[in-house]
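These notes concern the structure reproduced below.
The values are calculated or read from the model by the stated rules, or taken from the named source; none is laboratory data. Being a predicted model, the structure only gives us computed values, none of them experimental. Cβ placement follows ideal geometry from the backbone for every residue including glycine, while neighbour counts extend to all protein chains displayed. The protein model used for the area step is the full one, side chains on, heavy atoms only, and it has no ligands, DNA or RNA in it. Shrake-Rupley method; radii C 1.70, N 1.55, O 1.52, S 1.80 Å.
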Amino acid sequence: MSKVFLVIKREYLARVRKKSFLLATLITPLIFPAILGVFLWISFSSEGGDALKIIEVVDESDRFFIESNGEYAFSYSSLPQEEAKKLVQDGDRFGFLYIPKVDVDAPEGIRFYSKKTPSVGLVGDLEERLSNRIGEIRLYELGIDPKVIRNIKTPVSISSITLEEGGDEKVANAGVNYGLGFFLGILIYTFIFVYGTQIMQGVIEEKSSRIIEILVSSIKPFQLMLGKIIGIGAVGLTQFLIWIVLISTVSSVVMGYFGMQMPQQQALEMANPEAAQTMMQSSEMAQVFQVIQGIDFVELVLTFLFYFLGGYLLYGAFFAAIGAAVDSPGDAQQFMFPVTIPLIASYFGLFIFVLDDPESNVSFWLSVIPFTSPISMVGRASFGIPLFDLAVSMILLILGFLFTTWVAAKIYRIGILVHGTKVNYKMLWKWIKQNN
C-alpha cells in the first residue's frame with residue numbers, strides 16, 4: 001500500500017502544482033457566470049435600442065387584427081402581394097403576412113414572407129394569435145360572446161405533496177428537482193470524461209517516454225494503475241471542492257450586491273415570524289423555498305459523492321487500460337467508442353427518461369446498471385430514491401468497479417510494455433484471458 005500511496009502522492013502533487021490547474025480551478029467557476037452576464041448585459045443594453053420591426057399585413061377578409069408589441073409593429077394595408085413583397089426586399093418592412101379569405105373550420109393559405117428565416121418564436125406567436133382570433137370568430141358564429149368564455153376560465157394551481165414514511169408530508173416541485181438532477185448529472189458526465197482522458201493521456205506519455213518501464217521494475221503494474229487513477233481522481237475532487245467554496249462565495253457577494261439573499265440567510269430569517277410572513281406573500285417563491293427546505297442535502301451530497309467517485313473509478317480503469325494498450329492518442333480512438341457508448345446513453349437517458357419520470361422502469365434500470373448508474377442515479381437523487389433501489393445500485397456499482405478494474409489490470413499489465421504493435425480487439429481479448 002505504501003507504493004500505491006507514493007504513486008497517488010506523485011500524481012496528485014504533479015498536477016495541483018501546475019499553473020494550469022490553478023488557473024482552471026480559479027477561472028472555470030467564473031466562465032459560465034461571466035458568459036451569462038455578458039449575454040444579459042447585451043440583452044438589457046439593447047432594450048429600446050433596436051429598431052422596431054414592421055410587418056406588413058394584407059388581410060383579404062378584414063377579420064384579423066394583430067396588436068403590435070415592443071418588438072414588432074403590424075401595418076395593415078390592401079396592397080397587392082407583389083408590392084408587399086417588394087417592401088420586404090427593399091428593406092422597408094421586416095416581413096409580409098398574407099391572410100387570404102379562409103374557411104375558419106380549415107384555415108389554409110396563410111403565408112409569411114421575409115428576407116431571412118423568421119424565428120421560431122415569431123412564427124409561433126403569429127400562429128397562436130391567428131388561432132385565437134379564429135376561435136373568437138367561430139364563437140361569434142355560434143352566437144357565443146368570447147368574453148363569456150374568457151370570464152368563466154379559472155386558473156387552477158395544484159400543490160404537489162409527497163407522503164413520507166410515517167405519514168409526514170413534504171411539498172414537492174418537479175422544476176426544482178429537475179434542475180438539481182440536471183446539474184449533478186451533467187457534472188458527473190463532464191468529470192468522468194475530462195479526468196478519464198487525463199488518465200489515458202498520462203499513461204500514453206509515460207509509455208512513450210519509456211519511464212513506465214523503470215517504474216514497473218519497482219512496483220506492480222496493478223499498483224501503478226490504481227495509484228494513477230486514485231491520484232488523478234483526488235485532483236478532480238479537490239478542484240470540485242474548491243469550486244463549491246468559490247461559487248458559494250461569489251454567489252453570496254453578487255446576490256448581496258443586488259440586494260438578494262442566499263437560501264441559508266433566508267432560512268435564518270424564516271425563523272422570524274414577521275419575516276416569514278413577508279416571504280410567504282409570494283406563493284410561488286414560498287413553494288420553491290419549501291421544496292428546497294424539504295430536500296435532504298446531506299443525503300443528496302453523500303449520494304452524489306458516492307456516484308461521483310464510483311463512476312470515475314469504474315471508467316477510469318478503462319481509460320487507463322486504453323492508454324496502456326496504444327502508443328498515441330490517435331490509436332486510442334478505436335477503443336474509446338465502446339467505452340463512451342454507455343456514458344452517452346446515460347446522458348440522453350437522463351433527459352428523456354430519468355428527469356421526466358424518475359420512477360419509470362427505464363429510469364430504474366438506467367440507475368442500477370453500473371455503466372449508466374453514476375449519471376442516472378444522481379438525476380433521481382433530488383426526487384428521492386427508494387432505499388431498495390439505492391442499495392441495489394450501490395452494490396452493483398461496487399461490483400462493476402471491481403470487474404472493470406480486474407479487466408483493465410490484465411490489459412494494463414501487458415500493454416504498458418508493448419511498443420510498436422498495432423493492438424486490436426482480438427489482441428486485447430487474448431491479454432484478458434491470459435493467466436497471471
Item checked: Given (1) under 30 Å from Ile411 (Cβ atoms); (2) at pLDDT 85 or above, index of the condition Glu206 fails -> (2)
Next item on the list: Write out, first by first residue and then by second, each pair whose Cβ atoms fall under 9 Å of each other, whose residues are 6+ apart or on separate chains, and whose first residue, in the stretch 71-82, is without any contact (Cβ under 8 Å) to a residue 40 or more places away in the chain and among the charged types (D, E, K, R) while the second is open to solvent by 50 Å² or more (accessible area, probe 1.4 Å) and in a strand (DSSP E or B).
Entry: Glu71/Lys53
Margin query: Out of the residues in the stretch 199-212 meeting the condition of being open to solvent by 30 Å² or more (accessible area, probe 1.4 Å) and within 18 Å of Ile8 (Cα to Cα), tell me which one is nearest to the chain's Cα centre (by Cα).
Written below: Gln201
Check: Any idea which of (1) open to solvent by 60 Å² or more (accessible area, probe 1.4 Å); (2) under 20 Å from Ser75 (Cβ atoms) is the one Asp105 doesn't satisfy?
Finding: (2)
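Residue-by-condition table, conditions (1) among the acidic types (Asp, Glu); (2) at positive phi:
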site: Glu67; (1), (2): yes, no
site: Gly95; (1), (2): no, no
site: Gly109; (1), (2): no, yes
site: Gly121; (1), (2): no, no
site: Asp125; (1), (2): yes, no
Check: Can we say Arg133 is within 14 Å of Ser61 (Cβ to Cβ) and either open to solvent by less than 90 Å² (accessible area, probe 1.4 Å) or out of contact with any Gly (no Cβ under 6 Å at 6 or more places or on another chain) (or both)?
Finding: yes
Next item on the list: Working carefully through the options Val407, Val392, Val423, find the one that is in the same structural domain as Gly181 (by the TED database), open to solvent by less than 60 Å² (accessible area, probe 1.4 Å), in contact (Cβ under 8 Å) with a residue 12 or more places away in the chain and not in a helix (DSSP H, G or I).
Entry: Val423
Next item on the list: Could you list all residues from the stretch 73-102 that are under 20 Å from Leu122 (Cα atoms), of a type in the set (Gly, Ala, Ser) and open to solvent by 50 Å² or more (accessible area, probe 1.4 Å)?
Entry: Gly91
Notebook entry, point to check: Which condition breaks for Pro370 when tested against (1) under 20 Å from the mean Cα position of the chain (by Cα); (2) within 18 Å of Gly196 (Cα to Cα)?
Noted result: (1)
Next item on the list: Would you please list the contacts, defined by Cβ atoms under 6 Å and residues six or more apart or on different chains, that run from a residue in the stretch 104-127 that is in the same structural domain as Gln89 (by the TED database) to a residue that is in a loop (DSSP other than H, G, I, E, B) and open to solvent by less than 50 Å² (accessible area, probe 1.4 Å)?
Entry: Gly109/Pro100
